[in-house]
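Accompanying notes for the structure given below.
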Amino acid sequence: METQILAPTEEAVALAARILREGGLVGLPTETVYGLGANALDEAAVRAIFAAKGRPADNPLIVHVPAPEDAVPLCHISPAARALMERFCPGPLTLLMPKKPCVPDVVNAGLPSVAVRIPSHPVAQRVLRACGVPVAAPSANTSGKPSPTTALHVYHDLKGKLPLILDGGECQVGLESTVVDMTGDIPTVL
């Protein structure tokens, strides 16, 4: 498979959205690191993430959505979780919440919870809105390697394993998002 890096033009974002809807993989920028995205509701697409990264199947993925209301079909959002979303999202915060049945077990390693994030990067937001599906997206690198902060990092590590990488420039944060477990009575930073 040929891998291309494209600037995030309207046409390239539409192409990325189509690839995601059709079960393919896309490299996309977030404010933290580049993600390797797939339709989170498509079990085969999610399995392709694990294969491309060499990631163990017992390592759950983060599901990206464009806005808090897009998380409602995926998980049970407590008042405390909603308050955190309103204060810190979009941004580098991932909330672990009780999952709903529509989330395939492959996404969350069969656990009763799912990790949800609302990225602030404008390219990620455009892709998420254009594709209309939640996107499972771990870092876009081979498991065990440093997380990528540029499109070229993704290309050098995963070329031939995905058709498209959108180049949104260098990631501002450069580290993975903060994860807060909202499944218990007391929120816990993981």
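The values are calculated or read from the model by the stated rules, or taken from the named source; none is laboratory data. As the structure is a computational prediction, the values presented were derived from the model and not from experiment. As a convention, Cβ positions derive from the backbone with ideal geometry for all residues, glycine included, and neighbour counts pool all protein chains shown.
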So D58 passes all but one of these: (1) over 15 Å from the mean Cα position of the chain (by Cα); (2) more than 30 Å from K159 (Cβ to Cβ). Which condition number does it fail? (2)
Single residue of T149, T188 found to be touching a residue at least 24 places away in the same chain (Cβ under 8 Å), out of contact with any Pro (no Cβ under 7 Å at 6 or more places or on another chain) and at negative phi: T149
Selection from the stretch 41-69 of residues that are more than 27 Å from R82 (Cβ to Cβ), crowded, with 18+ Cβ neighbours inside 10 Å and in contact with a Ser or Thr (Cβ under 6 Å, 6 or more places away or on another chain): K53, R55
Out of all the residues in the stretch 149-163, is one or more closer than 17 Å to I5 by Cα, surrounded by 15 or more Cβ atoms within 10 Å (Cβ to Cβ), of a type in the set (V, I, T) and out of contact with any strand residue (DSSP E or B) (no Cβ under 9 Å at 6 or more places or on another chain)? yes
Can you pull out every residue in the stretch 140-154 that is among the small types (G, A, S) and modelled with pLDDT of 95 or more? A140, A151
Might you check whether a residue that is of a type in the set (S, T, N, Q) and either over 13 Å from the mean Cα position of the chain (by Cα) or surrounded by 20 or more Cβ atoms within 10 Å (Cβ to Cβ) (or both) occurs anywhere in the stretch 99-117? yes
Would you point out the residue of the stretch 115-152, among those that are among the small types (G, A, S) and assigned to a loop (DSSP other than H, G, I, E, B), that is nearest to G184 (Cα to Cα)? A137
Would you check if there is a residue in the stretch 47-60 being free of Cβ contacts under 8 Å to residues at least 12 places away in the same chain and basic (K, R)? no
